[in-house]
Amino acid sequence: MELERNKFEESKIEGRNAVLEAFRSGKTVDKLYVLDGCQDGPVRTIVREARKHDTIINFVAKERLDQLSEIGKHQGVIAISAAYEYAEVEDILKNAEKHNEPPFIILLDGIEDPHNLGAIIRTANLVGAHGIIIPKRRAVGLTPTVAKTSAGAINYTPVAKVTNLTQTMKMLKDKGMWFVCADMGGTQMYDLNLTGPIGLVIGNEGEGVSKLVRENCDMIASIPMKGDIDSLNASVATGVLAYEILRQRMAKGK
């Protein structure tokens, strides 16, 4: 069954009044581009609103804004609105309940590449994960590139965007969930019990899982490797671990 998610065309909002109104109306804005060094009142107000909504802010040169502009009247600010509507964490839990299954959620700690996020959404759908949670800060959102890379899975797999990943994990732990993160220094994934209500945590492409998020995980899983390099692409690592979770669930019958 297709997810009842409103699709928005990712759009550029240009000009100070238009951008400020977008924030104040509650429109989902994934990124804000601001003229570097501009300190006048209206721009400071826009930046303040962006921080209040945890929007990613990029301070750039005028040449970059001119390149991004479609109408040539950016006035030093361009906002990029989301392409798809986000779900709530509660929607993901209801998705698990609807399927009469223990929750299986993938949490992404700062994935920045839209191709990685799209591939992970596709994998999440194929392994039966009930949803994905991403942070509002320093992470890619639901852009058209993400949607295209997901090969349609974005219409079936809910994606929630949260202010604080650690606090969300603690809330889910109170509901009985366990968390496993991917890290080279952990226990080989085949030796871990990955059944039951579980959250799979995948870190940033370059830095991995952040210290605070890692400390809130119950298990650390490593993927066996025999090659000459020591790391996998984030979306590939997600696939390997997610399919091990699926294998164990199928073996147990849940």
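The values are calculated or read from the model by the stated rules, or taken from the named source; none is laboratory data. Predicted model only: the values in this text are computed from it and were never measured. Please note: Cβ atoms are built from the backbone with ideal geometry, for glycine as well, and neighbour counts cover all protein chains shown. Only protein heavy atoms, including side chains, enter the accessible area calculation; ligands, DNA and RNA are left aside. Shrake-Rupley method; radii C 1.70, N 1.55, O 1.52, S 1.80 Å.
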>> Can you tell me how many residues within the range 160-196 are more than 19 Å from Y243 (Cα to Cα) and hydroxyl-bearing (S, T, Y)?
In response: 3
>> Please verify whether P135 is under 18 Å from L32 (Cβ atoms) and either among the hydroxyl-bearing types (S, T, Y) or touching a Ser or Thr at 6+ places or on another chain (Cβ under 6 Å) (or both), treating the condition exactly as stated.
In response: no
> Hey, which of the strands (runs of 3 or more DSSP E) in the range 165-225, taking only ones fully inside, have at least 3 residues that are under 19 Å from the mean Cα position of the chain (by Cα)?
Replying inline: 178-188, 198-203
> Can you name the residue in the range 211-235 that is buried (at least 18 other Cβ atoms within 10 Å of the Cβ) and in contact (Cβ under 8 Å) with a residue 60 or more places away in the chain and, of all such residues, is farthest from N116 (Cα to Cα)?
Replying inline: V213
> Under the condition of being within 18 Å of I133 (Cα to Cα) and of a type outside the set (G, A, S), which residue from the range 183-200 is surrounded by the most Cβ atoms within 10 Å (Cβ to Cβ)?
Replying inline: L200
> Can you pull out the residues in the range 140-155 that are closer than 20 Å to T28 by Cα and either part of a loop (DSSP other than H, G, I, E, B) or at pLDDT 95 or above (or both)?
Replying inline: V140, G141, L142, T143
>> Quick check on my filter: what residues within the range 27-47 are among the charged types (D, E, K, R) and over 23 Å from the mean Cα position of the chain (by Cα)?
In response: D36, D40, R44
> R137 fails exactly one of the following numbered conditions: (1) under 28 Å from Q248 (Cβ atoms); (2) open to solvent by 10 Å² or more (accessible area, probe 1.4 Å). What is the number of that condition?
Replying inline: (1)
> Which residues, taken from the range 140-180, are surrounded by fewer than 17 Cβ atoms within 10 Å (Cβ to Cβ), under 15 Å from I120 (Cα atoms) and small (G, A, S)?
Replying inline: A151, G152
